[in-house]
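Quick notes on the structure that follows.
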Amino acid sequence: MSEEAVLPAARRVRRRAAATMTASQRREGGAGYLLIAPTTVLLVLFYLYPLAQTVFYSFTNWNPATGRSDALVGLSNYTHLVRDPQFLRATANTAIYVAVVVPCTLAIGLFFAAMLATPFRGRGVYRALIFVPHIAPTVGTALVFSYLLSPLGGVVNYALSAFGVAPIGFLTTEPWALVSVIVFSIWQGVGYSMIIYSAALANIPPSYHEAARLDGAGPVRRFFSISFPLVAPTTGFLAITGIISSLQVFTQVYVLTGGGPLQSTQTLLFYVYEQGFVYFHGGSASAAAVLLLLCGILVSVLQLRVLARRNTAELG
Amino acid sequence: MSQPLRLRRLAPNVARHAILLVAVAIFFGPFVWMLLTSFKSSSEALSFPPTFLPHEWRFDSYLRIFTVAPFGLYYLNSTIVTVLATFGQIVTSLAAGYAFARMRFRGRTVIFVVLLAALMVPFEVVFTPLVTLLSQLGWLNSYQGLIIPNVPSILGAFLFRQFFLSFPTEIEDASRIDGAGIWRRLWSVMAPMARPMIGSFAILSFVYNWNNFFFQFLVTTRSRYYTVQVGLAQLQGENNTTDFGLLMAGSTLAIIPVMIVFLIFQRQLVSAMSGGLR
C-alpha cells in the first residue's frame, strides 16, 4: 500500500522502466496472469460471484432448497425485515453485543498490554497464557464455558453459592444468556487486542516516558498522556476489525445457547442462517446479509474518515 | 538499601504479579479445569461441591468418545482438510504475492485493489448462495468442498506481496542474468528465501483452518465428513449436554493440536498476527 502511495517521482521512474521492458520481461507478463490466476479465479467463483448473487437474490423470492427464484419482488424482502420482530430482536442483540464486547475487549487488552510493556521476569509466560483463548477453537472453549456456567456441577455457580446465591441457569435464562455470550467473547478477544497493543506500545520511543518521568509524571499520568494518545491508530484498527468480526458472531451462540432462550441471544448471522437453511426464505436471508455487509462497510468508511481527520488536525 | 525504600520498590511488583495471577486464573484456568474434568467420571464432573483434582484418574471419557462418535474419523477429516487447505493457501498466496510485487502486467493494480476491497466482505455474508453453489457442484459432504473454497487467501497474497516488496531485487537480477527463467527463479530462488514468511503464514493458516467451524458446519451434513469442530458441536447436541466428562475430553482433543503449534511456534504466530495483519 505504502509503496503505491510514494512520490510521483518514483512512479515516473517505474513508468520509464516499464517503457524499456525487454522482450523476456514482456513474456513474463503472461506468467504474471498465471501466477495470480488460482487466487483470483477461486475468489471470483467462491466469493465475488456469491456476493453478487446475495445482492441480486435480496430482490427476489429465491428458495435455497429448490434453487428457484422466479420473481423480482423489489424491496419487499427489506420491508418484510423491518416488520419482522425476530429480525429486530436479532439486530438489537447484535447491537448490544457489539457495543459491549468491542470496547471491553479493547480496554482490557490495552490494560494488560500496558502492564506487560516493560520487561520483568515471567512477562512472556503471562502474555502467552492470556493470549491462548484467542487461538483455541471456539467450539472447544465455548463447551468449557457451558460447563463452567452450568447449574449442574459448574464452578461459577459453586463460587456464587458461597455468597448464598441460588444456582443460576446462565445459559438458559434471560438476561444471563446474552451476558454469558458477551463475557465469553470478551474472554476470547482480549488476548488479540493485547498483542496488537503490545506491538504498538513497543513502538513508542522510551525517551517520551523518560522525559515525562523526569518532569514528575507517575505511571498512570504517563499512560493517559503518552501511551493512550499514541496508540490511537491501533485503537481505530482494532475497533474496525472488532466491530466487523462481532457483527458476524455465530459459533459461540450456536454452542452456548443455540440462540435461546426465546431468541434472546439470536444474532444477525444466526438470523441469516435460520432464514436461509431452516425456513428457506432465501430472499430475506440475502436482504439481511446485505444489511450486515452495509453495516460493516459503513463502519470502515466512518472510522477511516475520523482517523484521517484526526491525522490532518494533528499535522495542522 | 534502606528497608522502606526496598518495600516501596517491592510493593508495586507484588501488586502487579497479584493482578496478573488473577488474569491467568481467568484466561488460562478454564483450560486447566477442562483437562482435569476430562479425567473425572461423569458423575464426579457433576458433583456439588466440585472436586479440583479427580478422586480417581480415569481415562474412560477418552475411550468412550471414540465409541459414541467416530472421533478418529473426525480427526482424520480435520487433518486432511487443514493440511491441504493450508498447503493450498501457501502456494497460491506465494505465487500471487510474488506476481503482484514483482511482475508487470496489465491490470495489476486494478486487480489488486479489487482483492483488497473484497477483504472487507466477510465470508459469512455470502454463505447462503455459496452453499447452494457447492450443492449444485455436488461438493457438499466432500473433501474438495471443505478445502477448495478456502484455498484463495487475500490476506496471504497481501502478506507475500509485502514480503517480496521489502526484498532486495539484486538476487533476482543476478539469477535472471544467469539465464534462470521465471519459474526457476520463483521456485528455486525466491520461494526458499521466503521461508520465514512461509513459516509464519503456515502457522496462521493452520490455526485458522483447524478452527474454521462455521464453514465446515455449513458444508457437512453427514458424519462421514464431519471435522473435529463440527463433530464436537454435534456431540453436545446429541443428549450429552450434561455429560461433561465426555465433552471436556472432546474439547481437549479439539484444542490440543492448536496448543502444540502455539507452544512450539509462539513467537512466529504472535508476530504474524500482530505485524502481519496491518
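Taking a cut-off of 32 Å, what percent of all Cα-Cα pairs in chain A are separated by more than that? Here the long-distance tail beyond 32 Å is 50 percent of all Cα pairs in chain A.
A Gaussian network model of chain B, with springs between Cα atoms under 10 Å, assigns the largest mean-square fluctuation among B:Val151, B:Val110, B:Val22 to B:Val22. Of the complete DSSP H runs in chain A, those spanning 24 angstrom or more by Cα along the long axis with a mean Kyte-Doolittle score not below -1.0 are A:23-43, A:85-115, A:176-202, A:282-315.
Using R0 = 56 Å, the C-beta based FRET efficiency linking A:Phe120 and B:Arg222 works out to 0.60. A Cα-only calculation for the protein assembly as shown places Rg and Dmax at 26.0, 87 Å.
Solvent-accessible surface (1.4 Å probe) assigned to B:His55 amounts to roughly 150 Å². Span-like helix criteria (full DSSP H runs; alpha carbon extent of at least 30 Å along the helix axis; mean Kyte-Doolittle hydropathy of at least -0.5) are satisfied in chain B by B:3-27, B:71-102, B:244-276.
For segment B:3-61, list log₁₀ I(q)/I(0) at each q in 0.12, 0.17, 0.18, 0.25 Å⁻¹, using the Debye formula over Cα point scatterers of equal strength and ignoring solvent, two decimals each. Taken in order of the listed q values, log10 I(q)/I(0) reads -0.48, -0.66, -0.69, -0.96.
I'd like the chymotrypsin sites (Phe, Trp or Tyr not before Pro) in segment A:70-147 restricted to DSSP loop residues with at most 16 other Cβ atoms within 10 Å, sorted by number.
The qualifying sites are A:Phe120.
Only helical runs count toward this figure. For chain B, summing -39,500 (n - 2.57) over DSSP H runs of n ≥ 4 and dividing by all residues gives -22500 deg cm²/dmol at 222 nm. Sequence-distant contacts, meaning Cα pairs under 8 Å at least 6 residues apart, place the relative contact order of segment A:76-315 at 30 percent.
Given +1 at the Cβ of Lys and Arg, -1 at the Cβ of Asp and Glu and no other charges, the dipole of chain A around its Cα centre is 1100 debye to the nearest 20. Placing a label point 7 Å from the Cα of B:Met120 along the Cα-to-Cβ direction, the residues of segment A:249-292 whose backbone N falls under 18 Å of that point are A:289-292. Count the net charge of all other residues whose Cβ sits under 12 Å from the Cβ of B:His17, scoring Lys and Arg as +1 and Asp and Glu as -1. Net local charge, B:His17 excluded: +3. Ordering B:Thr220, B:Met103, B:Tyr143 by Cα displacement along the dipole of chain B toward the positive end leaves B:Met103 in first place; charges were set at the Cβ atoms of Lys, Arg (+1) and Asp, Glu (-1). Positive contributions from Lys and Arg (+1) and negative ones from Asp and Glu (-1), summed over other residues with Cβ under 9 Å from the Cβ of A:Ala212, come out at +1.
With unit charges on the beta carbon (Lys/Arg positive, Asp/Glu negative), name the residue among B:Trp57, B:Ala25, B:Pro12 whose Cα is farthest towards the positive pole of the charge dipole of segment B:3-61. In segment B:3-61, that residue is B:Pro12. Using the Cβ-Cβ distance between B:His55 and B:Ala15 with R0 set to 45 Å, the FRET efficiency works out to roughly 0.75. Name the shape class, rounded, prolate or oblate, that the alpha-carbon gyration tensor gives for segment B:84-241, where a ≥ b ≥ c are the square roots of its eigenvalues, rounded holds for a/c under 1.5, and otherwise prolate holds if a/b is larger than b/c and oblate otherwise. In terms of gyration-tensor shape, prolate.
The length gained by stretching the chain between A:Thr66 and A:Ile297 to full extension, at 0.36 nm per residue less their Cα-Cα distance, is 80.0 nm.
State whether segment B:83-163 is rounded, prolate or oblate according to the following rule on the C-alpha gyration tensor (a ≥ b ≥ c being the square roots of its eigenvalues): a/c under 1.5 gives rounded; otherwise a/b larger than b/c gives prolate, and the remaining case gives oblate. It comes out prolate by the Cα gyration axes. Between the residues B:Met259, B:Ser153, B:Thr169, the greatest Cα displacement towards the positive end of the dipole of chain B, with unit charges on the Cβ of Lys, Arg, Asp and Glu, is found for B:Thr169. Using a 10 Å Cβ count of at most 15 others and DSSP loop calls, identify the longest part of chain B lacking such chymotrypsin sites (Phe, Trp or Tyr not before Pro). So the longest stretch without any such site is B:60-278.
Result for chain B in a Gaussian network model with C-alpha springs under 10 Å: among B:Val83, B:Val68, B:Val219, the largest mean-square fluctuation is at B:Val68. About the centre of its Cα atoms, segment B:3-61 shows a dipole size close to 620 debye [charges on the beta carbon of Lys, Arg (+1) and Asp, Glu (-1) only; nearest 20 debye].
For A:Thr60, the residues 5 or more places off, or on other chains, whose built amide H falls under 5 Å of its own are A:Val73.
Using heavy-atom solvent-accessible surface (probe 1.4 Å) with all chains present, what is the largest-first order of B:Leu253, A:Leu294, B:Leu46? Present the calculation step by step, with values, prior to reporting the outcome.
Working: B:Leu253 30, A:Leu294 95, B:Leu46 60 Å².
Solvent-accessible surface, decreasing: A:Leu294, B:Leu46, B:Leu253.
When the Cα centres of segment B:25-47 and segment A:141-194 are compared, how far apart do they sit, in Å? Segment B:25-47 and segment A:141-194 have Cα centres separated by 14 Å.
Oblate is the label for chain B. Its Cα gyration tensor axes, ordered a ≥ b ≥ c, give a/c of at least 1.5 and b/c at or above a/b. Summary value for chain B: 31 percent relative contact order, contacts being C-alpha pairs under 8 angstrom separated by 6+ residues.
Among A:Leu51, A:Leu35, A:Leu148, which one moves the most in a GNM of chain A with springs linking Cα atoms closer than 10 Å? Its mean-square fluctuation being the largest, the pick is A:Leu35.
The values are calculated or read from the model by the stated rules, or taken from the named source; none is laboratory data. Just so we're clear, the structure is a prediction, and the values are computed from it rather than from any experiment. Every residue, glycine as well, gets a Cβ built from its backbone with ideal geometry; the counts of neighbours run over all protein chains shown. The area values use the complete protein model at the heavy-atom level, side chains included, leaving out ligands, DNA and RNA. Shrake-Rupley method; radii C 1.70, N 1.55, O 1.52, S 1.80 Å.
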